Amino acid sequence: MTAMTITVLILLVVGFVALVVVMQLKEQARLDKLRKIAELNNKIRQVRRYLDETPPQYQPKDMRLWLISRKIKLYEQLLALQPDKTMSRRHDNLVEELQRFQDSKQKRRAKPINDELMILEIRRLFESFKSFLIASKKERTISGDVVHRYNRLLHFYHFKVSSDYHAYLARQAFLSGQLDTSIDLYKESLNQLNPVKETIEAQDTISRLKDLLHEIIEDTALQKAEQEMSKHEDVKREAELDAEWNNYIEGSDFQTKKRF
């Protein structure tokens, strides 16, 4: 075998190895791209869930603004990897939504907590969101101070959701005239906040519940007093009628009185 042949064979082997390496690198790059796309899509679905399923009373405006902006950034990263007209339109709609919500002065309407299963689902959502905050902090898409503040709020909301449930039941009992039941339920609503009663976040809620409870207790006392007074008046009137009747039948010769 000549030197030329050996050289050619070596070049062929080197070329083949180089081709294999290049193909492997391209395949690895393709797989990495697909992995990133899948990861971004998962994060977008995750953020959408927080936005759609978290009741408004447990999602302050700044928290919602951050989630919308986070979703916009995720779409931008996804579009850089996989340009798509539909995705681009969704991104533009989100930008408009962010601006509208930022400019809006209208308070979002609270969602009634009227089911115990709802409490469990919302609490699971809170736990998931805590994990998302930790991951976002590692990615440096949110500051540590904001994460700390949101975690404090989520800790408070963990108990408030149960308090809100009992307050809802108390309100329904009040509207149906069951004042004693309403008082007991409002007291239980306050009890649910005991683990966080010293926190700043809980003060407004506790104050509002105490005011409602005080008003209902006063209404109940007034209603019972009126009932007792009415009952007393009925007894007094009945006694007066009995006395009149006795005077009538005991009158001489049962003379008919003009008022009868």
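The values are calculated or read from the model by the stated rules, or taken from the named source; none is laboratory data. Keep in mind that this is a model prediction, so the values were computed, not measured. FYI the Cβ positions are ideal-geometry reconstructions off the backbone, even for glycines, and counts take in every protein chain you see. SASA here: full protein model, heavy atoms, side chains in, ligands and nucleic acids out. Shrake-Rupley method; radii C 1.70, N 1.55, O 1.52, S 1.80 Å.
Summary of values
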quantity: Relative contact order computed over the range 53-197 (Cα-Cα under 8 Å; 6+ residues apart), in percent; calculated: 22
quantity: Mean separation of Cα contacts under 8 Å, 6 or more apart, over the residue count of the range 138-193: relative contact order %; calculated: 35
quantity: The range 80-181 shape via C-alpha gyration tensor axes, a/c threshold 1.5; calculated: prolate
quantity: Inter-label distance for residue 224 and residue 103, nm, one decimal - labels placed 7 Å from Cα along Cα-to-Cβ; calculated: 5.6
quantity: Listed residues 192, 206, 217: farthest to the positive end of the dipole of the range 187-228 (Cβ charges); calculated: 192
quantity: Accessible area expressed per residue, the range 143-213, with surrounding protein chains retained (probe 1.4 Å, Å²); calculated: 53
quantity: Full-stretch length increase - residue 208, residue 151 - with 0.36 nm per residue and alpha-carbon distance subtracted; calculated: 18.2 nm
quantity: Gyration tensor verdict on the range 143-233 (Cα atoms; rounded if a/c is under 1.5, prolate if a/b is larger than b/c, oblate otherwise); calculated: prolate
